[in-house]
Amino acid sequence: MSLGQKAAFATPPRLAPTRVCITSSSMVTALLRAISALAEPAMRRVVALSLGLAILTFAALWLATAAFLYHTTFFDWRPLNWLADLLGGLAVLVLSWFFFPAVVTLIMGFYLERVAAAAEALDYPGRGPPRRQPLGEMLAVMLRLTVLTLVLNLLALPVYLLVPGINLVLFLALNGYLFGRGYFEVVALRRLDAGEARAARSRFAGRIFLGGVAIAGLFALPFVNLIAPVIATVFMLHIFEALPRREPHP
């Protein structure tokens, strides 16, 4: 290897001008870019389809939760069951909102590739075609994220309900980790194999976690949560593209 080749290997290439350098302020810029991309003509179709899937998911989740509560007897004493039925409407809404992020991410998991591709064509038109992802790899990512999100949030449910103040911090921290990891893998595995994606996630864990906290905040907002998977995918794509590396992604 020549001296010039060694220098080229040792010095990371300059990032493309369109890439967002992830600092505390530019992460906000990346999020705003992801939100503004929703209005772009190239994104309108995927946004409309995503919104339709999200609404159908929430409706199905609401009906399933309502049916479960209606056909479940919680107490042997009739007045208590009557009270439980009275509060059932609120419980259905709360539980549907609670389970929605994990369920909609699973259902839209395969569609998020189209979201990432549309955003990439818009903001990074010079990129080559993504790697071909095995079906098992994509399914494993979505199932792992869904199961972990449901189980860990169920375990944290008593804190969510009984400890005001701390519940919000716990929600953002727990789901920030989960969604940061999950959505990073959605975009990273388009360009890296599983081992390289894990290494990148470990190396830039802090940045990915902060991005995940922002995504968890989107899912916590009514109505915004319906398009949160789209915003989250585009947002994490900007974070991924801004990560420093020794060799440019293909």
Those residues of segment 23-47 that are at pLDDT below 85 and either under 16 Å from Leu226 (Cα atoms) or within 18 Å of the chain's Cα centre (by Cα) (or both) come to a total of 5
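Run down Val94, Val115 and say which single residue is surrounded by 19 or more Cβ atoms within 10 Å (Cβ to Cβ) and among the β-branched types (Val, Ile, Thr).
Values: Val94 fails: surrounded by 19 or more Cβ atoms within 10 Å (Cβ to Cβ).
Just a single option satisfies the conditions, and that option is Val115.
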In segment 145-155, anything surrounded by 17 or more Cβ atoms within 10 Å (Cβ to Cβ) and either of a type in the set (Val, Ile, Thr) or modelled with pLDDT of 90 or more (or both) is listed as Thr146, Thr149
Scanning segment 154-173 residue by residue, those within 15 Å of the chain's Cα centre (by Cα) and farther than 17 Å from Ala228 by Cα turn out to be Ala173
Expected output for segment 133-148 (first residue closer than 15 Å to Phe184 by Cα, partner assigned to a helix (DSSP H, G or I) and acidic (Asp, Glu), Cβ below 7 Å, 6+ apart or cross-chain) is Val141/Glu185
Yes or no: segment 3-22 includes at least one residue that is at pLDDT 60 or above and either surrounded by 16 or more Cβ atoms within 10 Å (Cβ to Cβ) or assigned to a helix (DSSP H, G or I) (or both). no
Restricting attention to segment 91-132, the residues that are more than 22 Å from Leu51 (Cβ to Cβ) and charged (D, E, K, R) number exactly 3
Given (1) over 15 Å from Phe219 (Cα atoms); (2) within 14 Å of the chain's Cα centre (by Cα); (3) surrounded by fewer than 20 Cβ atoms within 10 Å (Cβ to Cβ), Ile208 misses just (3)
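The values are calculated or read from the model by the stated rules, or taken from the named source; none is laboratory data. Quantities reported herein were computed from a predicted structural model and do not represent experimental measurements. FYI the Cβ positions are ideal-geometry reconstructions off the backbone, even for glycines, and counts take in every protein chain you see.
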